[in-house]
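The values are calculated or read from the model by the stated rules, or taken from the named source; none is laboratory data. Just so it is clear, the model here is predicted, and its values are computed rather than measured. Ideal geometry is used to build each Cβ from the backbone, glycine not excepted, and the neighbour counts take in all protein chains shown.
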Amino acid sequence: MIEELLQSSPGWANFGIFFLLGAVLLLIVLGFVTYGILAERKVLGYMQLRHGPNQVGGKWGLLQTVADVLKLLLKEDIIPKAADKPLFIIAPAIAFAPSFMVLATMPFTDKFQFADIGVGLLYYIAVSGLTVFGMVLGGWASNNKYALLGGMRAAAQMISYEIPLVMSVLGVILLTGSLNLNEIVTHQEHGWFILLQPIGFIVFFIASIAELNRTPFDLPESENELVAGYHVEYSGFRWAFFMLAEYVYLFAMSALITVVFLGGWLAPFGFLDFIPGAVWFALKFSVVVFIYIWLRATLPRFRADRLMEFGWKVLLPIALANIFLTALLKSLFF
Amino acid sequence: MTFSGEFLAFMGIALVAIIGGVLLLNLTKVVHMVVALIFTFVAIAGIYVLLSAEFVAAVQILIYSGAITIIMLFGIMLTKHDDENEPKTGKWRKILVFLGIVGFAFAVYIGIYNFNIEQVSTALHENNTMQIGKALYSKYIIPFELTSVLLLAALVGSIILAKNEKKGADNE
């Protein structure tokens, strides 16, 4: 459907349809973010032997996040006097926009996908790298030393961990022979890439946590060293935008792991084909999100120098060795 | 003349690229300039997409996002925070520069307007990632390897520079 729309002559009707589709996806993502945050707080709560939110919206605290967002909307919008005003305003938007752009290529099922471009995987990694500008700019524009330190850390961490992230999926690309996410999924009909590429998966997963800035790699915004890192000076809705970007990336990265390593919308066994692909996708996706939350509850934060050493001296060599091994296996057996 | 979607997209992207370039020259703070640079580079990636060179577009963003971040960090660390540019130059120079720009624009317009580009049908837009890979590893293998040797030399050089500095610090 999208293909036809892209090739038809432009007009207000096309604009309206594209706008509507974008708005629907945005609402779905916002719905995920609302309940993703609640799920995170509940799971963290139970793992730390407490209940988590249970007051607003019934026993399960179903309206807690909605109330929090309303509170953020009503808060006074503060721009520090010494801040660089234009950059301070534009930084949250720069951080958020790429996080939504990467969702365009994600094949949720074989029908539900917005753009089927040839270099989907590369597109995701390239565009998600743009978010770091928002963080560095926000940290710099705040004119606050903790914010600047957080921004610097964000830059160093994102650049260092992007390399193992790309290197670890090269094994998958070698086996598939394509960068297209649809082809990667259809290629997994006889075995998910988590089984064929276990080393690549582990490296990718660790590097993805660092890219998402989640514990144990949440150094850019570590509360007890840098107060809150690059968004110390932000409040109200601008702060909400940074948080939104973070959780939309959680959504996007979980979807990407599902697509690249867990077989996307495909059923694990042939006889389970009668269950629709969307259900399989949602199940696998939820498991990945749960593991991210689980890791957050169990692991302490890395030290900054260890983080760099780990990225360059452990993950990168392992990822390179994995490429070599995959190339060897492919030329021998496939 | 009808406005096709491609034309509209091209005009938007080209405008962003040019405005980014002009702002890069005119803004006074280093970090602001870097932001203008980001817009220019992303817009150029957009133009690559319009030319169906998706792989080049993705690589453009992938490489430059890291590179611009580094430029930004250097800009933050190596310049004074509240530094301003020196005052602008005189009136005469501005007029001369303006005349030069008009002359250049005119010359380029004359040159391009009647320039006939032969439309050759190519298959470059299909599967261009694979085509680039094949060309790179067969026809252009020696330049490709030379580039990687150059990069390796730069890497070794930077490590040696960093090491020396550390030793000097220990001696002091």
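Screening A:Leu250 on (1) more than 22 Å from A:Gly138 (Cβ to Cβ); (2) in contact with a Phe, Trp or Tyr (Cβ under 9 Å, 6 or more places away or on another chain); (3) among the aliphatic types (A, V, I, L, M) shows it passes everything except condition (1). If you go through the stretch A:165-180 and keep only what is of a type in the set (S, T, N, Q) and either in a loop (DSSP other than H, G, I, E, B) or farther than 17 Å from A:Gly118 by Cβ (or both), you end up with A:Ser168, A:Ser178, A:Asn180.
For A:Ile79, are the conditions met, namely being modelled with pLDDT of 80 or more and closer than 28 Å to A:Lys284 by Cβ?
Values: modelled with pLDDT of 80 or more: yes; closer than 28 Å to A:Lys284 by Cβ: no.
Judged against the criteria, A:Ile79 is not a match.
Residues in the stretch B:63-93 that are over 26 Å from the mean Cα position of the chain (by Cα) and at pLDDT 75 or above: B:Gly90, B:Lys91, B:Trp92, B:Arg93. The listed residues are B:Met1, B:Met33, and the only one of them that is at pLDDT below 85, more than 9 Å from chain A (Cβ to nearest Cβ) and either under 24 Å from A:Met152 (Cβ atoms) or in a helix (DSSP H, G or I) (or both) turns out to be B:Met33.
Enumerate the pairs (first residue in the stretch B:144-159 and assigned to a helix (DSSP H, G or I); second residue anywhere and surrounded by 10 or more Cβ atoms within 10 Å (Cβ to Cβ)) with beta-carbon separation below 9 Å, excluding pairs fewer than 6 apart on the same chain, so at least 6 apart or on different chains. Final answer for the pair search is B:Phe144/B:Leu136; B:Phe144/B:Tyr137.
For the stretch A:120-134, how many residues are facing chain B (nearest Cβ under 7 Å) and farther than 21 Å from A:Pro107 by Cα?
Just the residues of the stretch A:120-134 that are facing chain B (nearest Cβ under 7 Å), to begin with: A:122-123, A:125-127, A:129-130, A:132-133.
Narrowing further to those that are farther than 21 Å from A:Pro107 by Cα: A:130, A:132-133.
Residues meeting the conditions: 3.
Somewhere in the stretch A:84-99, is a residue touching a helix residue (DSSP H, G or I) at 6+ places or on another chain (Cβ under 8 Å) and farther than 30 Å from B:Thr69 by Cα? Within the stretch A:84-99, none of the residues are touching a helix residue (DSSP H, G or I) at 6+ places or on another chain (Cβ under 8 Å) and farther than 30 Å from B:Thr69 by Cα. Taken together, the residues in the stretch B:49-68 that are more than 7 Å from chain A (Cβ to nearest Cβ), buried (at least 20 other Cβ atoms within 10 Å of the Cβ), within 18 Å of A:Val102 (Cβ to Cβ) and of a type in the set (A, V, I, L, M, F, W, C) amount to 1.
Look through the stretch A:55-84, keep the residues that are within 30 Å of A:Ser142 (Cα to Cα) and among the polar types (S, T, N, Q), and return whichever of them is nearest to the other protein chains (Cβ to nearest Cβ).
Pass one, the stretch A:55-84, residues within 30 Å of A:Ser142 (Cα to Cα): A:64-84.
Narrowing further to those that are among the polar types (S, T, N, Q): A:64-65.
Working: A:Gln64: 36, A:Thr65: 31 Å.
The qualifying residue nearest to the other protein chains (Cβ to nearest Cβ) is A:Thr65.
The C-beta contact set for the stretch A:299-315 (first residue within 13 Å of A:Ile206 (Cα to Cα), second residue of a type in the set (Val, Ile, Thr), distance under 8 angstrom, 6+ apart or interchain) comprises A:Leu299/A:Thr215; A:Gly311/A:Ile163; A:Leu315/A:Val203; A:Leu315/A:Ile206.
Restricting attention to the stretch A:181-201, the residues that are in contact with a helix residue (DSSP H, G or I) (Cβ under 7 Å, 6 or more places away or on another chain), surrounded by fewer than 23 Cβ atoms within 10 Å (Cβ to Cβ) and either assigned to a helix (DSSP H, G or I) or within 13 Å of chain B (Cβ to nearest Cβ) (or both) add up to 4.
All of A:Ile159, A:Ile89 fail the test of being surrounded by fewer than 24 Cβ atoms within 10 Å (Cβ to Cβ), facing another protein chain (nearest Cβ under 8 Å) and among the hydrophobic types (A, V, I, L, M, F, W, C), apart from A:Ile159. Across the stretch A:135-147, which residue is farthest from the other protein chains (Cβ to nearest Cβ) among those that are over 16 Å from A:Trp239 (Cβ atoms) and surrounded by fewer than 23 Cβ atoms within 10 Å (Cβ to Cβ)? Restricting to residues being over 16 Å from A:Trp239 (Cβ atoms) and surrounded by fewer than 23 Cβ atoms within 10 Å (Cβ to Cβ), the top hit is A:Lys145.
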